[in-house]
């Protein structure tokens, strides 16, 4: 099974989320969450922190992330782990490959012309907002 992760990062005021603009297919030119391949078996949380640091320069000291949900794409043999967290402080972002941008939480994350994932980004954002409303 191919394992991957995405990490949803919110600014400390919980007004924006960090997105990357994809430079290659699939979804070239569209916004997506940061993330990548899980390289070490059964080490999802550490792999999420590693991927987050590589793509953004955000460290464990800057954010506490939690494993929120997992998508299992049976036909394609892909498991996608979803993590999220709110920054504790301001950070200096350093881009790895894709351009990083802060996007307002008021945006329409279901806009398929703007966002990757066939509506999954919108779904994930709505579920996290519900979770945070119940737990903040």
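Taking the condition at pLDDT 95 or above and in a strand (DSSP E or B), does residue 71 pass?
Working: at pLDDT 95 or above: yes; in a strand (DSSP E or B): yes.
Answer is yes for this residue.
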Exercise. Which one of the conditions (1) crowded, with 16+ Cβ neighbours inside 10 Å; (2) under 23 Å from residue 103 (Cβ atoms); (3) in contact (Cβ under 8 Å) with a residue 60 or more places away in the chain does residue 63 fail to meet, given that it meets all the rest?
Worked result: (3)
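Considering 81, 55, 92, 47, which residue is surrounded by fewer than 16 Cβ atoms within 10 Å (Cβ to Cβ) and on the phi < 0 side of the Ramachandran plot? Walk me through how you get there before you give the answer.
On the way: 81 fails: surrounded by fewer than 16 Cβ atoms within 10 Å (Cβ to Cβ); 55 fails: surrounded by fewer than 16 Cβ atoms within 10 Å (Cβ to Cβ); 47 fails: surrounded by fewer than 16 Cβ atoms within 10 Å (Cβ to Cβ).
Matching residue, one of 81, 55, 92, 47: 92.
Looking only at residues that are in contact (Cβ under 8 Å) with a residue 24 or more places away in the chain and more than 15 Å from the chain's Cα centre (by Cα) in segment 1-26, which one is surrounded by the most Cβ atoms within 10 Å (Cβ to Cβ)? Don't jump to the end; show me each part of the working.
Step one: filter segment 1-26 for residues in contact (Cβ under 8 Å) with a residue 24 or more places away in the chain, giving 1-12, 14-23, 26.
Now narrow it down to the ones that are more than 15 Å from the chain's Cα centre (by Cα): 1-2, 12, 15, 23, 26.
Values: 1: 11, 2: 11, 12: 14, 15: 11, 23: 10, 26: 9.
The qualifying residue surrounded by the most Cβ atoms within 10 Å (Cβ to Cβ) is 12.
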Problem set entry | Whichever residue in segment 29-38 is without any contact (Cβ under 8 Å) to a residue 60 or more places away in the chain and either crowded, with 21+ Cβ neighbours inside 10 Å or out of contact with any strand residue (DSSP E or B) (no Cβ under 9 Å at 6 or more places or on another chain) (or both) and, among such residues, is farthest from residue 111 (Cα to Cα) | 38
Seminar exercise, completed: Of those in segment 112-135 that are assigned to a loop (DSSP other than H, G, I, E, B) and touching a strand residue (DSSP E or B) at 6+ places or on another chain (Cβ under 9 Å), the residue surrounded by the fewest Cβ atoms within 10 Å (Cβ to Cβ) is 114
Exercise. Looking at segment 14-39, which of its residues are part of a loop (DSSP other than H, G, I, E, B) and at negative phi?
Worked result: 15, 22, 23, 24, 25, 26, 28, 30, 33, 38, 39
Exercise. From the list 47, 81, which one is closer than 26 Å to residue 134 by Cα and either under 15 Å from the mean Cα position of the chain (by Cα) or in contact (Cβ under 8 Å) with a residue 24 or more places away in the chain (or both)?
Worked result: 81
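The values are calculated or read from the model by the stated rules, or taken from the named source; none is laboratory data. Because the structure is a prediction, the values reported are computed rather than measured. As a convention, Cβ positions derive from the backbone with ideal geometry for all residues, glycine included, and neighbour counts pool all protein chains shown.
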